[in-house]
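Peer 1: To start, I am sharing the structure in question, which I have written as structure tokens.
The values are calculated or read from the model by the stated rules, or taken from the named source; none is laboratory data. Only a predicted model underlies this, so the values are computations on that prediction, with no experimental measurement involved. A quick note on method: Cβ atoms are made from the backbone with ideal geometry, for glycine too, and the neighbour counts reach across all protein chains shown. In case anyone asks, the SASA skips ligands and DNA or RNA and just uses the protein heavy atoms, side chains included. Shrake-Rupley method; radii C 1.70, N 1.55, O 1.52, S 1.80 Å.
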Amino acid sequence: MRNERSTEDIAMGIRRRVFEHSMRNNGGYLSQACSAAEQLAFLYNEGLNLGEPVLPAVPKPFAGVPSADNPDYVTGAGYNGPFEPQYDRLFIAPAHYALVAYATLIETGRMDAEGLEMFNKDGSSVEMIGAEHSPGMEVHNGTLGIGLSTGAGLAWGRKRRGEKGQTCVFMSDGEVQEGQTWEAVQAAAHHGIDNLWALMDVNDQQCDGAMDSVMEVRDIAAKFRAFGAVCVEIDAHDLDAMRQAKAEPHEGQPLIILARSSPTQGMSFLQKRFPRLHYVRFKSEEERAEMNISIAAELGIDPIELETH
């Protein structure tokens, strides 16, 4: 499935949609849209071979957890297409990027805009922190650090079965503070799992502030290479660089693309909030109005019509 729109246009659409949603709902994951819009647009629009969605354009309510009494349970990965050998599979490891992921599904025609109206509502599958039943989510990755391990396991199984499809993991740089990430890379390299690649949003931010203020991770590119991966560093907002990185040969090794991004790209007003950018809530109606006017102008749209909170 390919969208007729350019990846650049889709990335702008993602930022605009996340911005509008956040303005109307008194806050949101704005900085993740700033840093990752090009990355998710690239994955869904050209970087991955995904089939047509197999789930309803308007997501169904949460239907319960898997059990013997719930045989019709499905994961949200159906929005990424069918689980067939020729298609790629995508794991979105940082579950708090869910709002950006939903916006991407809408912008690429995989989910209706109506689905976003269900965001974080009781009984909805369109959760604030994406779970395995949420649109676009293959598994629950709320514990950061397990995504690459899960993807490596699936990729290993697919390789043994001779499936042509690759497995991709979209990650965030905070996950390199987890030991499991390094174990996954080492295992993938040891077993020659080269149908696995990861795109990591390196925005130097995490929940508690700037990365270095929580735990310095130093030269992660050198570490990935030492653990057996082919590692390429790019500007996350340069789509041509992203395309070249995806084509990097990595026979017998996993590929890790470090996409170094800005958490205020396209929304420079957020620099006033630095380094507290993980989740942006408005401190006052005055700030909300100021942010609305400033960011809307930068995104090339009219300010969002707002109700007073």
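Peer 1: For Lys272, which lysines qualify as cross-link partners when the Cα separation must be under 19 Å and same-chain residues fewer than eight apart are set aside?
Peer 2: In chain and number order, the partners are Lys283.
Peer 1: What residues have an amide H closer than 5 Å to that of Ala198, excluding those fewer than 5 places away on the same chain, when H is modeled at 1.01 Å from N in the peptide plane?
Peer 2: When sequence neighbours closer than 5 places are left aside, the close amide H contacts are Val169, Leu255, Ile256, Ile257.
Peer 1: As a check on your grasp of the helix formula, calculate [θ] at 222 nm for the chain: sum -39500 (n - 2.57) over DSSP H runs of n ≥ 4, divide by the residue count, round to the nearest 500.
Peer 2: -10000 deg cm²/dmol
Peer 1: Here is a follow-up. Just to confirm my numbers, what's the Cα centroid distance between segment 96-143 and segment 1-43 in Å?
Peer 2: Using only Cα atoms to place each centre, the spacing works out to 13 Å.
Peer 1: Now for a separate question. If you bin every alpha carbon distance in segment 1-151 into 5 Å steps from zero, what whole percent lands in each bin?
Peer 2: Bins of 5 Å from zero give 2, 10, 19, 24, 23, 14, 5, 2, 0 percent of pairs.
Peer 1: Could you pull out which residues in segment 264-293 have an amide N less than 14 Å from a spot 7 Å beyond the Cα of Ile129, following the Cα-Cβ vector?
Peer 2: 279
Peer 1: Can you work out the accessible area per residue across the chain, with the rest of the protein chains kept in place, probe 1.4 Å, in square angstrom?
Peer 2: For the chain, the per-residue accessible area is 43 Å².
Peer 1: Another question, if that's okay. Calculate the FRET efficiency for Glu114 and Val217 from the Cβ-Cβ distance with a Förster distance of 35 Å, rounded to the nearest 0.05.
Peer 2: E(calc), rounded to 0.05, equals 0.30.
Peer 1: Among all the aspartates and glutamates, which ones have a C-alpha under 16 Å from Lys159's C-alpha, if same-chain residues fewer than 8 places away are not counted?
Peer 2: Within reach: Glu84, Asp88, Asp194, Glu251.
Peer 1: Same structure, new question: With a 1.4 Å probe and every protein chain kept in, tell me what percent of the accessible surface of the chain is carbon plus sulfur.
Peer 2: Accessible surface attributable to carbon and sulfur in the chain totals 48 percent.
Peer 1: Something else now. So what's the net charge close to Gly151: Lys and Arg +1, Asp and Glu -1, counting the other residues with Cβ under 10 Å from its Cβ?
Peer 2: Summing Lys and Arg as +1 and Asp and Glu as -1 gives 0.
Peer 1: Antiparallel as a % of all DSSP beta bridges within the chain, to the nearest 5?
Peer 2: 15
Peer 1: Further, regarding this structure: If all Cα-Cα distances of the chain are sorted into 20 Å bins from 0 onward, what percent lands in each bin, rounded to whole numbers?
Peer 2: 34, 59, 7
Peer 1: Which order, highest average first, do 175-185, 11-21 follow once you tally other Cβ atoms within 10 Å for each residue and take the mean per peptide?
Peer 2: Per-residue mean Cβ counts within 10 Å order the peptides as 11-21, 175-185.
Peer 1: I've got another one for you. Cα-based Rg (one decimal) and Dmax (whole number) for segment 1-47, in Å?
Peer 2: Considering segment 1-47 through its Cα atoms, Rg and Dmax are 11.2, 34 Å.
Peer 1: Moving on to the next point. What FRET efficiency comes out for the pair Asp122/Glu285, r = Cβ-Cβ distance, R0 = 35 Å, nearest 0.05?
Peer 2: After rounding to 0.05, the efficiency reads 0.85.
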